[in-house]
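Notes to accompany the following structure.
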Amino acid sequence: MASELGVQTIQHTNGTDAMTIDTGGRILQPTKPIFRVVKRASSGSGGVSGDITFNEAPINVGSHWDTSNHYFVAPIAGHYQFSFVGFGSDSDGTQRTSGSIVAVGLFKYTGGAWVDETEMYQKVQADNWVNSSFTHITHLAVNERVKINVRIGYVYYDDSTRDYIVFSGHLIG
């Protein structure tokens with residue numbers, strides 16, 4: 001026996017809309033944790049290494065991206081998907097030389113320490129700005145944090161409107 005439930009909005013008992021269903025049957029979750037951050041130079045171009053200090057957060061639903069400390073803080077336990085896109089370079093933003101390495105990792109703060117959760121590691125085959133990108137799914141407990149760290153080499157950024165360094169993530173469930 002089949003049954004149907006016809007609703008447009010599902011709310012928490014406190015009145016917060018948790019989910020809406022539009023006329024096309026699409027489910028919208030207005031408070032689902034999601035962020036997208038980028039790094040830009042105030043002028044010129046360069047390469048960044050170490051922990052990346054993202055200076056723009058065009059998307060930050062729930063404000064779970066900490067704009068002061070440059071990491072994401074999980075508001076609830078669950079599975080999260082993160083993506084990073086950048087271009088390996090030298091410290092001055094020029095092409096990475098043949099034979100050099102670029103290693104960019106997603107680090108998770110757990111148990112009182114930052115742990116390398118996953119890393120994209122590649123050797124440059126010819127002088128070039130090498131694509132450095134990855135997607136990673138992980139489980140986070142409440143208040144666990146993630147950040148991006150360039151462990152070897154540099155990642156290119158400049159003062160244009162192009163998004164050369166982008167980090168994003170969202171709660172899967």
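Bear in mind that the values in this text are calculations on the coordinates, not laboratory data. None of these values were measured; they are calculated from a predicted model. Note that we place each Cβ from the backbone using ideal geometry, even for glycine, and neighbour counts take in every protein chain shown.
Annotations
- Farthest toward positive dipole pole in the chain [+1 Lys/Arg, -1 Asp/Glu at C-beta], among 106, 7, 84: 106
- Two-site label geometry, residue 22 and residue 139: point separation in nm, points 7 Å out along Cα→Cβ: 3.4
- GNM remark for the chain: springs join alpha carbons under 10 Å apart, and the peak mean-square fluctuation among 50, 105, 15 falls on 15.
- q = 0.21, 0.23, 0.24, 0.25 Å⁻¹: log10 I(q)/I(0) that the Debye formula gives for the stretch 89-129, counting C-alpha atoms only: -0.68, -0.73, -0.75, -0.78
- Whether the stretch 1-130 is rounded, prolate or oblate, judged on the alpha carbon gyration tensor where a/c under 1.5 counts as rounded: prolate
- The P(r) of the stretch 29-83 has a tail past 17 Å containing 42 percent of all C-alpha pairs.
- Amide H to amide H, with H built 1.01 Å from N, residue 77 comes under 5 Å of 142, counting only residues 5 or more places away or on other chains.
- Among 80, 156, 71, the largest mean-square fluctuation in a Gaussian network model of the chain, built with springs joining Cα atoms closer than 10 Å, belongs to 80.
- Given charges at beta-carbon only (K, R positive; D, E negative), |dipole| of the chain in Debye: 120
- GNM flexibility winner over the chain from 55, 14, 149 (Cα, springs under 10 Å): 14
- Relative contact order of the stretch 1-153, pairs being alpha-carbon contacts under 8 Å that are 6 or more residues apart, as %: 24
- Using R0 = 22 Å, the C-beta based FRET efficiency linking residue 162 and residue 92 works out to 0.75.
- Distance-filtered residues of the stretch 138-160 - backbone nitrogen under 17 Å, label point 7 angstrom along residue 56 Cα→Cβ: 156-160
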